[in-house]
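Novice: To start, I am sharing the structure in question, which I have written as structure tokens.
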């Protein structure tokens with residue numbers, strides 16, 4: 001969202017970014033106007049009674065309306081997981097786009113269910129399986145989701161919708177990923193793959209491990225893997241390998257001391273935008289932001305997914321041929337080392353990663369998304 005806001009501001013637009021208070025400093029540093037988003041407890045925590053997800057949406061929609069009434073914007077762009085601003089925009093009659101900051105989550109017949117980590121089937125039998133068996137379960141979930149959404153819409157004064165995936169705008173959906181990570185499909189009207197929208201907070205440079213061996217960056221998730229299983233496995237597995245290792249614990253202290261071999265440096269934080277172009281391989285959990293930053297830098301990726309959409313991202317990476325995935329149950333020193341060695345030794349993987357980097361250099365994702373938002377506003 002900050003990347004899109006910067007692109008719109010660069011084209012002369014007044015941009016207000018409504019988000020949580022912890023992002024105020026970064027939003028204002030980019031020259032954007034910050035507006036605090038309502039924050040509710042939707043997960044259990046000490047001393048608080050969590051709200052149901054859709055209950056929180058009702059409160060947040062009502063709390064967002066005064067902001068839209070005072071700004072009177074020409075267009076609203078809402079994150080796919082943030083329903084309140086989209087509903088508030090509809091109440092005010094303002095065009096609304098959806099930003100999808102990862103691969104497109106809606107499937108079609110014959111595709112595997114999103115986030116399971118299954119690759120696109122290669123045979124007619126595989127397509128038939130996903131079409132007939134698995135999607136019956138998915139359809140039940142989609143119908144339930146529509147029912148819950150329509151109850152929420154009724155509470156805020158909106159008419160029910162008849163279609164599923166009602167949280168995604170049918171006017172404009174911006175899919176902020178590489179087209180090379182998307183399975184071939186018939187794309188719905190209004191859906192556009194614009195390319196990755198990347199932004200990172202300021203960070204100081206770090207000293208790289210000495211030498212000229214291939215450089216491997218170990219970049220764990222900032223939200224998952226609290227035991228730092230992948231980080232420890234990579235450090236142990238790559239000890240003694242003919243590589244240099246730069247690893248970060250991303251300001252989340254490990255529960256126990258990390259093994260730091262002679263060929264490695266472990267730091268608190270690292271700028272991906274400045275460091276990844278110097279790397280040969282990135283080992284990560286396959287969070288979408290880290291994944292596309294690595295591919296934009298021409299790095300082969302070793303994906304060790306932890307949960308959720310990381311499994312999907314790892315499957316798309318494997319399908320695109322730009323990296324190697326290590327399933328969660330196999331994340332241990334030897335499999336990680338073998339995956340890194342394969343990423344370095346197989347020329348096709350490095351070539352494919354550089355192809356994606358070239359595509360990114362030739363396509364201005366921010367400007368593409370900004371033009372589409374302008375067209376919707378008009």
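Novice: Can you go through 158, 149 and tell me which one is in contact (Cβ under 8 Å) with a residue 60 or more places away in the chain and either within 22 Å of the chain's Cα centre (by Cα) or outside any loop (DSSP other than H, G, I, E, B) (or both)?
Specialist: Going through 158, 149 in turn, just one is in contact (Cβ under 8 Å) with a residue 60 or more places away in the chain and either within 22 Å of the chain's Cα centre (by Cα) or outside any loop (DSSP other than H, G, I, E, B) (or both): 149.
Novice: From the list 173, 88, pick out the single residue that is closer than 23 Å to residue 375 by Cα, modelled with pLDDT of 90 or more and touching a helix residue (DSSP H, G or I) at 6+ places or on another chain (Cβ under 9 Å).
Specialist: Only one candidate qualifies: 88.
Novice: Something else about it: Quick check on this structure: which one of 38, 105, 50 is without any contact (Cβ under 8 Å) to a residue 24 or more places away in the chain, within 24 Å of residue 152 (Cβ to Cβ) and part of a loop (DSSP other than H, G, I, E, B)?
Specialist: Unique residue meeting the criteria: 50.
Novice: Residue check: is residue 357 touching a strand residue (DSSP E or B) at 6+ places or on another chain (Cβ under 8 Å), part of a helix (DSSP H, G or I) and either outside the structural domain of residue 9 (by TED's automatic domain parsing) or crowded, with 16+ Cβ neighbours inside 10 Å (or both)?
Specialist: no
Novice: Taking the stated definitions as given, is residue 78 touching a helix residue (DSSP H, G or I) at 6+ places or on another chain (Cβ under 6 Å), farther than 20 Å from residue 190 by Cβ and buried (at least 18 other Cβ atoms within 10 Å of the Cβ)?
Specialist: Answer is no for this residue.
Novice: Pairs under 7 Å by beta carbon, first residue free of Cβ contacts under 8 Å to residues at least 40 places away in the same chain and not assigned by TED's automatic domain parsing to the domain that holds residue 303 in the range 207-233, partner buried (at least 21 other Cβ atoms within 10 Å of the Cβ) and part of a loop (DSSP other than H, G, I, E, B), six or more apart or different chains?
Specialist: Hits for this filter: zero, empty list.
Novice: Give me a count of the residues in the range 339-352 that are under 21 Å from residue 245 (Cα atoms) and in contact (Cβ under 8 Å) with a residue 12 or more places away in the chain.
Specialist: Matching residues across the range 339-352 total 8.
Novice: For residues that are out of contact with any helix residue (DSSP H, G or I) (no Cβ under 7 Å at 6 or more places or on another chain) and part of a loop (DSSP other than H, G, I, E, B), scanning just the range 119-130, find the one that is nearest to residue 288 (Cα to Cα).
Specialist: Taking the candidates together, the pick is 122.
Novice: Criterion first (surrounded by fewer than 16 Cβ atoms within 10 Å (Cβ to Cβ), at pLDDT below 90 and under 17 Å from the mean Cα position of the chain (by Cα)) does residue 125 satisfy it?
Specialist: no
Novice: Take the residues in the range 280-310 that are surrounded by fewer than 22 Cβ atoms within 10 Å (Cβ to Cβ) and on the phi < 0 side of the Ramachandran plot; name whichever of them is modelled with the lowest pLDDT.
Specialist: 307
Novice: Of the conditions (1) over 27 Å from residue 313 (Cα atoms); (2) surrounded by 18 or more Cβ atoms within 10 Å (Cβ to Cβ), residue 103 satisfies every one except a single condition; which number is it?
Specialist: Only one criterion in (1) over 27 Å from residue 313 (Cα atoms); (2) surrounded by 18 or more Cβ atoms within 10 Å (Cβ to Cβ) is unmet by residue 103, namely (1).
Novice: Which is assigned to a helix (DSSP H, G or I), in contact (Cβ under 8 Å) with a residue 12 or more places away in the chain and within 25 Å of the chain's Cα centre (by Cα), of 142, 99, 116?
Specialist: 142
Novice: Take the range 252-280 and flag every residue that is within 20 Å of the chain's Cα centre (by Cα), in contact (Cβ under 8 Å) with a residue 60 or more places away in the chain and farther than 24 Å from residue 176 by Cβ.
Specialist: If the condition is that a residue be within 20 Å of the chain's Cα centre (by Cα), in contact (Cβ under 8 Å) with a residue 60 or more places away in the chain and farther than 24 Å from residue 176 by Cβ, then no residue fits.
Novice: Consider residue 89 carefully, then state whether it is assigned to a strand (DSSP E or B), in contact with a strand residue (DSSP E or B) (Cβ under 7 Å, 6 or more places away or on another chain) and either in contact (Cβ under 8 Å) with a residue 60 or more places away in the chain or over 26 Å from residue 137 (Cα atoms) (or both).
Specialist: Taking the combined requirement at face value, the residue does not satisfy it.
Novice: Need at least 1 residues that are under 28 Å from residue 119 (Cβ atoms) and in contact with a helix residue (DSSP H, G or I) (Cβ under 9 Å, 6 or more places away or on another chain) per element, so show me which strands (runs of 3 or more DSSP E) inside the range 212-319 make the cut, counting only ones lying wholly within it.
Specialist: Counting at least 1 such residues, we get 215-219, 281-284, 300-303.
The values are calculated or read from the model by the stated rules, or taken from the named source; none is laboratory data. Not measured: the values here are computed from a predicted model. We place every Cβ from the backbone using ideal geometry, glycine too, and count neighbours over all the protein chains shown.
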